[in-house]
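Notes for the one structure printed next.
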Amino acid sequence: MSSTNSDRSFSWICPVFYRSGGCAQTELRLNRRTWDQLQRAMWMSVVALPMLPVIATLVFHYRERVGALCQRVFHRRKRSSFAQRSLERRTHSFVLMNSTHGQPESVLQTFECYSQTQPTCSIGQEKGEFLDSAVSRAAPLQALELGTHCGYSAIRILRLLPASGKLYTVEQDPDTADVGEEMILVAGFKHSQFQLLVSPSCTAIPQLQPQFGVQSLDLVFMDHDVAEYLPDLRALEEGGLLTKGCIIVVNNTHLPGAKEFLRYIHNSSHYSVCFQALGMQEIRYQATNTTEELTVTLSNQMVT
């Protein structure tokens, strides 16, 4: 296919990118790359098609073993999910019965007392103190937490916010969200001080501005699925939600799934790692929050 015909095909597939010119021409290169990847995938499908009868025959021949394997995987995931919810409920019951309601420090101490003898879903006192230091430095008016869990870290953040500050905390599991919300309320905080979003982070982040009127964030705490750290950071960038000087606290940076996120932070001039310990990092966002700079940044990423 000639370059002229190729450009015409792209103008039909992505007319907005093709006609807009300027920076969009750089974006067009990414769409060409995506189109090439799609073509390769189509060819692989054509090559693999003759193998389908063989695969189907093997699956049918070993159907009992395949079925048993699928069943084991399903039940393992189901047990894991049930165990996590049971863990949160036990923690919730202990804190509810043994803490002084309306006093955040008492609730946190009860969490920590329970974690000395039982497994919990909280980040714990040492990591909590790391988070405290970051929150104190940021003094955020608008804070975002990705991963509410049992509400422990949300309570730590809320007690350090200014009087006019607000926390937006995201939890995708409804049962876990219920536990976390009740613990926050038990600690004495009101709904006017926090907003719980029960949805995946990829859904919650785009809702912050249009639905809740969030124009910028001074603090972000990431403690959810490490594989979502980088996509969520990019979503925050593209939404213009990170203020200059925004502090991003990230948990579990030692896990393999965080490698792409850490590589992105290391290679970007807009971020600097201020502190790191206990598998956590405090990162400062240094770029100005302007549409022009964001466009340049995205263009440079597409070129590379």
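Results, tabulated for the structure shown:
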{"item": "Total residues in region 191-211, condition over 17 Å from the mean Cα position of the chain (by Cα) and not polar (S, T, N, Q)", "result": "3"}
{"item": "Residues (part of a helix (DSSP H, G or I) and among the hydrophobic types (A, V, I, L, M, F, W, C)) located in region 93-125", "result": "PHE94, VAL95, LEU96, MET97, VAL107, LEU108, PHE111, CYS113"}
{"item": "Qualifying residues in region 189-201 (those that are of a type in the set (A, V, I, L, M) and open to solvent by less than 60 Å² (accessible area, probe 1.4 Å)) - the one farthest from ARG137 (Cα to Cα)", "result": "LEU197"}
{"item": "Every residue from region 263-284 that is among the basic types (Lys, Arg) and either open to solvent by less than 40 Å² (accessible area, probe 1.4 Å) or in contact (Cβ under 8 Å) with a residue 24 or more places away in the chain (or both)", "result": "ARG284"}
{"item": "Count of region 126-143 residues which are of a type in the set (A, V, I, L, M, F, W, C), part of a helix (DSSP H, G or I) and open to solvent by less than 20 Å² (accessible area, probe 1.4 Å)", "result": "3"}
{"item": "From the options VAL170, VAL186, VAL214, VAL220, residue that is more than 16 Å from the chain's Cα centre (by Cα) and crowded, with 21+ Cβ neighbours inside 10 Å", "result": "VAL186"}
{"item": "Among the residues listed as ALA235, ALA204, the single one being open to solvent by less than 10 Å² (accessible area, probe 1.4 Å) and in a helix (DSSP H, G or I)", "result": "ALA204"}
{"item": "Selection status of GLY245, open to solvent by 10 Å² or more (accessible area, probe 1.4 Å), without any contact (Cβ under 8 Å) to a residue 12 or more places away in the chain and over 18 Å from the mean Cα position of the chain (by Cα)", "result": "no"}
{"item": "The lone exception for ALA163 - which of (1) among the hydrophobic types (A, V, I, L, M, F, W, C); (2) within 21 Å of the chain's Cα centre (by Cα); (3) not in a helix (DSSP H, G or I) it fails", "result": "(2)"}
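The values are calculated or read from the model by the stated rules, or taken from the named source; none is laboratory data. Please read these numbers as outputs of a predicted model, since none were measured by experiment. For neighbour counting, all protein chains shown are included, and Cβ atoms are generated from backbone atoms with ideal geometry for every residue, glycine included. Surface areas here come from the heavy atoms of the whole protein model, side chains and all, with no ligands, DNA or RNA. Shrake-Rupley method; radii C 1.70, N 1.55, O 1.52, S 1.80 Å.
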